[in-house]
Structures are given as structure tokens and as C-alpha cells.
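Single-structure report; data block below.
Read-outs: derived from the displayed coordinates by stated rules, not from any lab. None of these values were measured; they are calculated from a predicted model. Cβ placement follows ideal geometry from the backbone for every residue including glycine, while neighbour counts extend to all protein chains displayed.
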Amino acid sequence: MKTALVEKSYEIAKERYLSLGVNVDEVLAKLQQISISIHCWQSDDVTGFENLGNLGGGGIQATGNYPGKARNIQEVRQDIEKVLTLVGGSHRLNLHAIYGDFGNKIVDRNEIEPAHFQSWMDWAKEKGLKLDFNSTSFGHPKSGELTLANPDKAIRDFWIEHTKRSRAISEAMGKFQNDPCIMNLWIHDGSKDLTVNRYKYRQILEQSLDDIFATDYKNMKDCIEAKLFGIALESYTVGSYDFYLGYGAKKQKIVTLDTGHFHLSESIADKISALLLFTPEIMLHVR
Ligand SMILES: [Mn+2]
């Protein structure tokens, strides 16, 4: 009886939309073709499964540390499976590098390999999901204020290696799922205190990116994401919007637009329409 009533109301709504020139069936068929890449890290508050001691990125308060927080890889997957039962359409899953299936092994960020994500690939295939990927620059003893833009070569090289490996993992995922894996590169680099070296760090970041992107892959796509500022890094952000807009347009990389990473008075619609003229595609982070 309840189902019959819902369906009846739905038919009436469809008629009303049609009178406004909107064919609901066509709209739903179109939406069915659009995949949203659901991020995995809300499930456990960006803790991940590294065994590096209590150093993970946990605690950006995505969940406010609620009691039902996922405690392991199985629980994160269960949460995602539950979400998928509630969201219509065919979607993707977005993994951060710290979510590898490392077992009990200590695997540092510059040691990650496709094998650490094989169980994710197998699980995703079973669930009909495609995977996307992110390198993880934060929540690590070598994170500090600067990673890819660090003047200290040893630290910079560590993060370049991590990001190169993240691209190789993305390539393996894309190949496995026969659909490009979208890899997003976002780093927190910046400073809390004012710096006079605004140019210097951006020059270093550009060189690091050139090194990272030197290998061409067929089964993954690179996205670069800017930020206005980071918490505790309020005075200066190396990877600003202008930096990545310039880099993306020059190197034909996909620029990620995160609606939470701009001044409140800026319009994302202006950024999308301008970017579409100069870059191949656009990646959106939607809140
Ligand atoms: Mn984002």
C-alpha cells in the first residue's frame, strides 16, 4: 500500500515536471551515467591503516570522532557498502594512500606499491565500483610545513617518491578496472608565519611536479588541487589557485576545484567556465 502511494505521488510529480519542460525519466537516465567518487576517509576520520605508530592523519574531525567510527579495513568497506545502498546511481570510491592493506607490516609512504591495494581492487570489482586515488602528504613525521616544496632535498625526495608511487598505484588500479583511475594531488605546503620567499617555494614545487609527472601513464589521470590556506598554515599556501591554474594550463593537467577552498565571495561557476577553455577536464570536490 505504501509503495503504491509513493509510486502514485511519483507519477504526479513527473507530470508536474513535464509541464515545466523537464522529462524526469530522461534526467534520471542521464544521472545514471554520472559517477560521484565517494571518499573513503569520512568513515574513520582520515586515520587509515598505516602501522607507523600513532602518526596517521586521523583527526580532521570529519566525523567528530563519533563512537561508530570504522576501526579497520573491513569496517570502512562495510560503511561504504551501506552508503551505496542509500545512494542511487553507479559510483566510484576515492582512496587515500594511507588506506592501503598493509596487514601488520610497516610500510612507509615511500614504499607503497600496487600490491598494497590489491585487496581494494578485488573488493571494488566484486562490488562493481571503480577506484580513484590520492597521495597523502599529511600526518607523517616528514610532513612538517613543507613536502614537495621543501628546500631540504632529502625530505623533498621522500615525498616525490611517495607521489610517484601513488601515480604507479593509480595506473595499476586503472588497468585492473579497465577505466582510468583519477589521482588527485593535494599537498598542505605553506607557512603560518609570513615569508618573503613566496616565489622560491613555488619554483621548487614546480620542479617537483615536473619530476613526478615525467612518466606518462595511459590508465590514470592527474589532477592538481589548490587550497586557500591550511589550518595552522594561514599566512602562505605554496599550491595556491593561481599556481595550479598556471601549471594545469601549461602542462594540460586537470585542475581540481574544491568548493571549500576559495574565498566565500568567489563563484565556482566562473572558475569552471574559464578553466574549460584552457584545461582538458575539470575535477570537482563537492561539499
Ligand atoms: Mn578537496
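What do you get when you divide the Cα radius of gyration of the chain by 2.2 N^0.38 Å, with N the number of residues?
Relative to the rule-of-thumb radius for its length, the chain sits at 1.09.
Once you order the gyration tensor axes a ≥ b ≥ c over the Cα atoms, which shape class does the range 184-233 get: rounded for a/c under 1.5, otherwise prolate or oblate by comparing a/b with b/c?
oblate
Can you sort SER137, SER170 from fewest to most other Cβ atoms within 10 Å of each residue's own Cβ?
SER137, SER170
Rank the residues ILE204, ILE34, ILE169 as a footprinting-exposure proxy: fewest other Cβ atoms within 10 Å of their Cβ go first.
ILE34, ILE204, ILE169
Kindly put SER273, SER90 in sequence by how many other C-beta atoms sit within 10 Å of each C-beta, fewest to most.
Ordered by Cβ neighbours within 10 Å, fewest first: SER273, SER90.
To test your reading of the geometry: what angle, between 0 and 90 degrees and rounded to tens, separates the Cα axis of helix 118-127 from the longest principal axis of the chain?
Tilt of helix 118-127: around 10 degrees.
With r defined as the distance between the Cβ atoms of GLN207 and PHE138 and R0 fixed at 22 Å, what FRET efficiency is calculated, to the nearest 0.05?
According to the calculation, E is roughly 0.55.
Bin by bin, in steps of 5 Å, what percent of the Cα pairs in the range 124-166 do you find, going until the bin that has the longest distance?
Whole-percent P(r) values from 0 Å outward: 5, 21, 25, 16, 8, 8, 8, 6, 2.
To make sure I understand the rule: partners must be lysines, Cα under 27 Å from the Cα of LYS251, and not fewer than 8 residues away in the same chain. Which ones qualify?
Of all the lysines, those that pass the test against LYS251 - Cα under 27 Å, at least 8 places apart if same chain - are LYS130, LYS153, LYS164, LYS175, LYS200, LYS218, LYS221, LYS227, LYS271.
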